[in-house]
Amino acid sequence: MAKILLLNGPNLNLLGSREPSHYGADSLNNIAECLATKATEAGHSLTHLQSNAEHTLLDRIQSAPINGISFIIMNPAAFTHTSIALRDAMIAVNIPFIEVHLSNIATREVFRQKSYFSDIALGVVSGFGSLSYHLAMYAAIEELRRTQI
Ligand code: DQA
């Protein structure tokens, strides 16, 4: 059994009402609950944190190893394009992670096309709305199966 951490960055607490043309109609609570069910069905557990504060996300990443987290699914939201601090924390803890985006950031404004995470992530899922999270969870479960012989 692995402990998976789902991390969500700023403004993702507004999912469902925020720019539905980009981010869809599902609420973050609904997404997180579905992912927790999927994790449990696969014999794992999921904890979730959404924060609008960079330092709160940093603290959770830094404490992930002592909390026994072995995989992270992360939508850094706007911090994707700005946060060297979060990038450094992910490198420091060295826990495999998947970067998730609801929208396809490669097709949006130029400032969204740069990610500080893609080159250090195991993989990136972007552009499928809430399905991006489900695809990431599927990939996480497969990766855990492959690596935890
Ligand atoms: C996002 C894309 C980011 O550019 C944006 O700042 C977000 C959400 C996405 O999931 O598509 O808040 O990460």
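Throughout, read-outs are computed from the coordinates displayed, never taken from laboratory work. Nothing here was measured: the structure is a model prediction, and the numbers come from that model. FYI the Cβ positions are ideal-geometry reconstructions off the backbone, even for glycines, and counts take in every protein chain you see.
A search for C-beta distances below 6 Å between a residue of the stretch 5-17 that is under 23 Å from SER63 (Cα atoms) and any residue that is more than 12 Å from the ligand (Cβ to nearest atom) and of a type in the set (Ser, Thr, Tyr), counting only pairs 6+ apart in sequence or on different chains, returns LEU5/THR47.
The residue of the stretch 44-58 that is farthest from the chain's Cα centre (by Cα), among those that are within 25 Å of GLU142 (Cα to Cα) and crowded, with 19+ Cβ neighbours inside 10 Å, is HIS44.
Filtering the stretch 1-40 to residues that are more than 13 Å from the ligand (Cβ to nearest atom) and in a helix (DSSP H, G or I) leaves ASN29, ASN30, ALA32, GLU33, CYS34, LEU35, ALA36, THR37, LYS38, ALA39, THR40. Taking the listed residues GLU41, GLU33, the one that is within 21 Å of GLY127 (Cα to Cα) and loosely packed, with under 14 Cβ neighbours inside 10 Å is GLU33, with no other qualifying. When only residues in the stretch 60-78 that are among the β-branched types (Val, Ile, Thr) and more than 14 Å from the ligand (Cβ to nearest atom) count, which is farthest from MET137 (Cα to Cα)? Among those residues, the one meeting the criterion is ILE66. The set of residues from the stretch 79-122 being surrounded by 15 or more Cβ atoms within 10 Å (Cβ to Cβ), within 16 Å of the ligand (Cβ to nearest atom) and of a type in the set (A, V, I, L, M) comprises LEU86, MET90, ILE98, VAL100, LEU102, ILE105, ALA121. Restricting attention to the stretch 125-149, the residues being within 11 Å of the ligand (Cβ to nearest atom), closer than 22 Å to ILE69 by Cβ and among the hydrophobic types (A, V, I, L, M, F, W, C) number 1.
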